[in-house]
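Taken together, the values in this text are just the output of simple stated rules run on the coordinates, not laboratory data. These figures come from a predicted structure and were not determined experimentally. Note: ideal-geometry Cβ built from the backbone for every residue, glycine included; neighbour counts use all protein chains shown.
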Amino acid sequence: MGVIVVVTVNEYFEGKVKSLVVNSAEGKKTVGVIEPGEYEFNTDGPEAMTVIAGMMSVYLPAYEEWEDFGAGSSFDVPAKSVFKVKTTEDAAYLCEYK
């Protein structure tokens, strides 16, 4: 008898942002892809975001301006906040929920 693995796929903004949910011993994480565009996200809890491919410009109220993050760079998103992301090319990310 085989093992059944269920992967949850989340889609936002008419499918332009997609993420796969990973439940690990360290907690919930998502790995996602963002198509070019500008998007606004809301958070419940704190998140650590790492760009794994492409470039993302991010606007958090604490920055008071857009800041660019390329592959390998990370940023933290406070709980109960709103942040904006814009891309001019496909980008991929890892989101770790704290």
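With +1 on the Cβ of every Lys and Arg and -1 on the Cβ of every Asp and Glu, and nothing else charged, how large is the dipole of the chain about its Cα centre, in debye rounded to the nearest 20? Write down the numbers at each step before the final one.
Details: 8 positive and 16 negative charges, 81 e Å.
Computed about the Cα centre, the dipole is about 380 debye.
Shape of the range 40-80 from its Cα gyration tensor (a ≥ b ≥ c, root eigenvalues): rounded if a/c is under 1.5, otherwise prolate when a/b > b/c, or oblate?
Verdict is oblate for the range 40-80.
Of Lys18/Lys84; Lys28/Lys84; Lys18/Lys80, which ones are farther than 18 Å apart at the Cα?
Cα-Cα > 18 Å for Lys28/Lys84; Lys18/Lys80; rest within.
Per 0.36 nm of contour for each residue apart, how much would the distance between Glu26 and Ala79 grow if the chain were fully extended, relative to their Cα-Cα spacing?
So the chain would gain 17.2 nm between Glu26 and Ala79.
Rounded to the nearest 0.05, what FRET efficiency is calculated for Val6 and Ala92 with R0 set to 25 Å and r the Cβ-Cβ distance?
The pair Val6/Ala92 has a calculated efficiency of 0.70.
Taking the Cα centre of the chain as the origin and placing charges on Cβ (Lys, Arg +1; Asp, Glu -1), which of Ser74, Val33, Val21 is farthest toward the positive end of the dipole?
Val21
Counting pairwise Cα distances across the chain, what percent come out greater than 22 angstrom?
It works out to 26 percent of all Cα pairs.
If you keep only loop residues by DSSP, which chymotrypsin sites (Phe, Trp or Tyr not before Pro) in the range 1-74 have at most 11 other Cβ atoms within 10 Å of their Cβ? If you can, show how the numbers build up before the last one.
Values: sites: Tyr12, Phe13, Tyr39, Phe41, Tyr59, Tyr63, Trp66, Phe69; in loops: Phe13, Tyr63.
Sparse-neighbourhood loop chymotrypsin sites (Phe, Trp or Tyr not before Pro): Tyr63.
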